[in-house]
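*Asks:* What follows is a single structure, and I will ask about it in a moment.
The values are calculated or read from the model by the stated rules, or taken from the named source; none is laboratory data. Since the structure is predicted, the reported quantities are computational estimates derived from the model, not experimental observations. Cβ placement follows ideal geometry from the backbone for every residue including glycine, while neighbour counts extend to all protein chains displayed.
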Amino acid sequence: MNKDLVDASMANLAPRPSRLRNALLFTAAFCALLAAALAPTIIRASLDVSSGTGFQMALGQHHQVMTTTTVRTSTWPWVEIRAIDDVPGAVASEAWLTDDITPLPTDQTTGSPADFDSGADYVTALLPNIDAANDALPRQLVGGDSALLVVLWTITDCDVLAQHPPSPGNSSPAHVELRTIFNMSRHHPLPGIASPAFSMEALTASDTCP
């Protein structure tokens, strides 16, 4: 067989460059790079607690501590805040996520925690924008939005709690359980202000830790 004819036949089998083909290849490569860049945001459950905005209040005779923390997420399309992990010396009895990000109302006419039958009753009276039923965890937080995470801790052992204060880097031993739309979960640390052991002096002064 003529070698020139074979070469010509093989040349005809080779794909010919075209603008459409090149455009498709470029689009596919771009989409792959974009997916790789967005994967951590889409897949990884994240919660931004770096603002440090929060508040803490000891509830005296109820032997409970209320903490509030402003949180935000970049996880798309949402991250589900499922629960608050217990810490040594305290359990997370109640937790809510409310769209009202004001840490504490400026007009405090609620009264004393001792005036209420339970710490939960006092917290929902102090923060009237909390919907006790609909704001209770688990609850979803949409990517890009901010919310106020309110936790009611019940102190079980003051001595043990005092041995687990926030770290020097202001990280709390308390963690929050998160879940994404892809059912991927992780436990994320909360800031120091969210730890029931943030101020043991306040717990002692209020008889929360007698």
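Residue by residue, here is whether (1) out of contact with any Pro (no Cβ under 6 Å at 6 or more places or on another chain); (2) more than 16 Å from T67 (Cβ to Cβ); (3) among the polar types (S, T, N, Q) holds:
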| site | (1), (2), (3) |
| --- | --- |
| Y122 | no, no, no |
| N134 | yes, yes, yes |
| V160 | no, yes, no |
| P165 | yes, no, no |
| P189 | yes, no, no |
| G192 | no, no, no |
| L203 | yes, no, no |
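*Asks:* Residues of the range 122-150 being part of a strand (DSSP E or B) and crowded, with 21+ Cβ neighbours inside 10 Å, which ones?
*Replies:* Within the range 122-150, L141, A147, L148, L149, V150 meet the criteria.
*Asks:* Let me ask something else about it. If L47 meets every condition in (1) under 20 Å from the mean Cα position of the chain (by Cα); (2) at pLDDT 55 or above; (3) loosely packed, with under 14 Cβ neighbours inside 10 Å apart from one, which number is that one?
*Replies:* (3)
*Asks:* Right, something else. State the number of residues belonging to the range 127-159 that are within 25 Å of H63 (Cβ to Cβ), touching a residue at least 24 places away in the same chain (Cβ under 8 Å) and not acidic (D, E).
*Replies:* Number of matching residues: 15.
*Asks:* Further, regarding this structure: Answer with yes or no whether G144 is over 23 Å from T208 (Cβ atoms) and at pLDDT below 95.
*Replies:* yes
*Asks:* When the range 164-199 is examined, which residues are found to be among the hydroxyl-bearing types (S, T, Y) and either outside any loop (DSSP other than H, G, I, E, B) or at pLDDT 90 or above (or both)?
*Replies:* Once the filter is applied, which keeps residues that are among the hydroxyl-bearing types (S, T, Y) and either outside any loop (DSSP other than H, G, I, E, B) or at pLDDT 90 or above (or both), the range 164-199 yields S171, S172, T180, S185, S195, S199.
*Asks:* Still on this structure: Note down all Cβ pairs under 7 Å where the first residue falls in the range 173-189 and is over 13 Å from Q140 (Cα atoms), the second is polar (S, T, N, Q) and part of a strand (DSSP E or B), and they're at least six residues apart or on different chains.
*Replies:* Sorted first by the residue in the range 173-189, then by its partner, the pairs are P189/S171; P189/S172.
*Asks:* Do we find that V151 is under 17 Å from A90 (Cα atoms) and aliphatic (A, V, I, L, M) in this structure?
*Replies:* So V151 fits the description; yes.
*Asks:* Using beta carbons and a limit of 8 Å, which pairs, at least six apart or on different chains, have the first residue in the range 196-210 and in contact (Cβ under 8 Å) with a residue 24 or more places away in the chain and the second one among the hydroxyl-bearing types (S, T, Y) and in a loop (DSSP other than H, G, I, E, B)?
*Replies:* From residues that are in contact (Cβ under 8 Å) with a residue 24 or more places away in the chain, the pairs are A202/T208.
*Asks:* Looking for whichever is part of a strand (DSSP E or B), surrounded by 15 or more Cβ atoms within 10 Å (Cβ to Cβ) and not aromatic (F, W, Y) here; the options are L161, L97. Which one fits?
*Replies:* After ruling out the rest, the residue left standing is L97.
*Asks:* Restricting attention to the range 50-68, report how many residues are modelled with pLDDT of 90 or more and part of a loop (DSSP other than H, G, I, E, B).
*Replies:* 2
*Asks:* Being at pLDDT 75 or above and either over 15 Å from L152 (Cβ atoms) or outside any loop (DSSP other than H, G, I, E, B) (or both) narrows it down to one of A39, A83, so name that one.
*Replies:* Going through A39, A83 in turn, just one is at pLDDT 75 or above and either over 15 Å from L152 (Cβ atoms) or outside any loop (DSSP other than H, G, I, E, B) (or both): A83.
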